[in-house]
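Shown next, in structure tokens, is the structure this report addresses.
The values are calculated or read from the model by the stated rules, or taken from the named source; none is laboratory data. This structure is a prediction, so every number in the text was calculated from the model and none was measured. Cβ placement follows ideal geometry from the backbone for every residue including glycine, while neighbour counts extend to all protein chains displayed. Ligands, DNA and RNA are stripped out before the accessible areas are found, and what is left, the full protein with its side chains, is counted by its heavy atoms. Shrake-Rupley method; radii C 1.70, N 1.55, O 1.52, S 1.80 Å.
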Amino acid sequence: MARESTGTSEQQVQPIRIFDTTLRDGEQCPGASLNRKEKIEIARALEALGVDIIEAGFPIASPDDFEAVQEIAGIIRRCSVAGLARCMEKDIQRAGEAVRRAEKPRVHVFCATSEIHRKHKLKRAEEEIIKMSVDGVKLARTFVEDVEFSPEDASRTELPFLAEVVSAVIEAGASTVNIPDTVGYSIPTEYAAMIRYLVEHVPNIHKAVISAHCHNDLGLAVANSLAAIEAGARQIECTINGLGERAGNAALEEIVMALKTRQARLPYSTNIDTRKIYAISHLVASLTGIQPQPNKAIVGKNAFAHESGIHQHGMMQNAATYEIMNPLDVGIPASKLVLGKHSGRHALRQRLEQLGYQLDDQQLTEAFERFKGLADKKKEIFDEDIISIVDDMSRTVSKVWEIDSVQTTAGTGVIPTATVRMRNLQDGTLLQDAATGDGPVDAAYSAIQRITGITVRLRDYKLNAITSGKDAQGEVTIEVESDSKRIRGRGVSTDIIEASAMALVDAINRIIATAEQQQKTESQGVTL
Ligand code: KIV
Ligand code: ZN
């Protein structure tokens, strides 16, 4: 395939650090909240992907955030693990404590610098902002060597003042200065000019790495990040699938693939194993319940699909006519149809590895059992089915309830009725109830709520076919509200009523797990 030649023989390829903030800024995305086990799962996948720094959370935000950062710091060995803190003593202490066990701990402190934030949010004068920032960095340095500083809303800050702050925090001991486009307001030429201004006007800038952190409110986060690299930034802050506040953050996969695909024009390298992109994108989508839109670059369902006849014809002659990247490079497997009923454990392991998943023996045993169960119901097992099995395993919370059976009657002229039998895994009891509803799913949902004693409001319901074909599995993702909290649930089955019931039971198990966790932290008397 004729892709762009690297053309790098005479140019020096410069390394770019990838700072992933899926677990912090990404998790601030509405409805994307993750439990501790899920955060750890993502952190491990990020480590395997090859990111340089994992921002694992905002430890002061909640006891659960603190514990998640602490646990990730204890597990991850190859990447730096960062905790975010405002320039406040209790924040910094908490972040310093949370990352203490990391092989490479980092504390990331931030303070808003733009006029609008100074006047209306912090109500502080310029000199006070500088003092807070310097004191924050100095305090963070008493916990860790590696301190990053971010002037929040940098892109709307007066340039001379921004340069003053950046110089002061470097002097105080910050080794990375991150320049956030907090509200996604910048355009590429402007953002690059700001980075260049800092390179030219901050006398000690050579003592720190410049970082870019771009939000996507105008759809320019990736373009701004690439412009920043050309202007001198050597760290990029980004998230998987571009997850994040409002319109999200710069998407890791887009930045990395732009650098890889356009190496001749952009002579920069990252440590990312791009063949693991597809798997981690799936994992994050499944755990957060937020699927990338179909036309999302690199990881969207249609990113490598060619519909038009002219394009298909061109592709058959030479794939490079309409494809600038090789799908294999992002981990999209070449052949789609894979395993069947008679495939063994070894074949499953091999295919999982080809798809970018590394499972230990226990996980493989579980995946194999689920695979066999599915192969009994479905003749052809596609890659998407296998990915769904692994995603489902990652989502598992400590279960209290499990569906034993669901039977429904529905149709023209009948009142939709569901009979549901459920097992309580804590005491082993089997409970059954029947209910009617607007349709079979509604009836099943009423019965499940009666059995579990947990009432929810259904806020969102999505049904998606995982593969094509009449025996395709249906994936149901729902969002429910309980006690003013939004919780997601997911269920996958060849029977869509069963998948719907499983999604609600998943959400209910999560509600129970969250309440238990809350009770535990309250009884431990953790106060902030
Ligand atoms: O967008 C932003 O300004 C941030 C900072 C905390 C780095 O996320
Ligand atoms: Zn941000």
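Residue-wise test of (1) within 20 Å of residue 106 (Cβ to Cβ); (2) within 16 Å of ligand 2 (Cβ to nearest atom).
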site: 141; (1), (2): yes, no
site: 150; (1), (2): yes, yes
site: 156; (1), (2): no, yes
site: 170; (1), (2): yes, no
site: 180; (1), (2): yes, yes
site: 195; (1), (2): no, no
site: 198; (1), (2): no, no
site: 212; (1), (2): yes, yes
site: 222; (1), (2): no, yes
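When segment 10-23 is filtered for residues that are within 21 Å of residue 391 (Cα to Cα) and open to solvent by 20 Å² or more (accessible area, probe 1.4 Å), nothing remains. Is segment 258-274 home to any residue that is in the same structural domain as residue 199 (by TED's automatic domain parsing), within 12 Å of ligand 1 (Cβ to nearest atom), in contact (Cβ under 8 Å) with a residue 12 or more places away in the chain and part of a strand (DSSP E or B)? The answer is no; no qualifying residue exists. A single member of 347, 410, 375 is free of Cβ contacts under 8 Å to residues at least 12 places away in the same chain and small (Gly, Ala, Ser), and it is 347. The criterion of at least 1 residues that are of a type in the set (Ser, Thr, Tyr) and under 32 Å from the mean Cα position of the chain (by Cα) is met by the following strands (runs of 3 or more DSSP E) wholly inside segment 411-528: 457-465, 474-482, 485-493.
Within the bounds of segment 503-522, is there any residue that is within 30 Å of residue 377 (Cβ to Cβ) and loosely packed, with under 14 Cβ neighbours inside 10 Å? So that I can check it myself, show each step before the final result.
First, the residues of segment 503-522 that are within 30 Å of residue 377 (Cβ to Cβ): 503-513.
Filter again for loosely packed, with under 14 Cβ neighbours inside 10 Å, leaving none.
Within segment 503-522, none of the residues are within 30 Å of residue 377 (Cβ to Cβ) and loosely packed, with under 14 Cβ neighbours inside 10 Å.
Looking at 74, 57, 50, which one is within 15 Å of ligand 1 (Cβ to nearest atom) and closer than 24 Å to residue 145 by Cβ? If you could, list the steps in order and put the result at the bottom.
Details: 74 fails: within 15 Å of ligand 1 (Cβ to nearest atom); 50 fails: within 15 Å of ligand 1 (Cβ to nearest atom).
Matching residue, one of 74, 57, 50: 57.
Restricting to segment 107-129, name every residue that is more than 33 Å from the chain's Cα centre (by Cα) and among the hydrophobic types (A, V, I, L, M, F, W, C). Don't jump to the end; show me each part of the working.
The first filter runs over segment 107-129 and keeps only residues more than 33 Å from the chain's Cα centre (by Cα), leaving 119, 123-128.
Of everything in segment 107-129, just one residue is more than 33 Å from the chain's Cα centre (by Cα) and among the hydrophobic types (A, V, I, L, M, F, W, C), namely 125.
Of all residue pairs spaced 6 or more apart or on separate chains, those with beta-carbon atoms under 7 Å, a first member in segment 426-441 that is among the β-branched types (Val, Ile, Thr) and a second member that is open to solvent by 40 Å² or more (accessible area, probe 1.4 Å) are 436/415; 436/417. Would you check which residues across segment 466-488 are open to solvent by less than 60 Å² (accessible area, probe 1.4 Å) and either in contact (Cβ under 8 Å) with a residue 40 or more places away in the chain or under 23 Å from residue 339 (Cα atoms) (or both) and list them? Within segment 466-488, 466, 467, 469, 471, 472, 473, 474, 475, 477, 479, 488 qualify.
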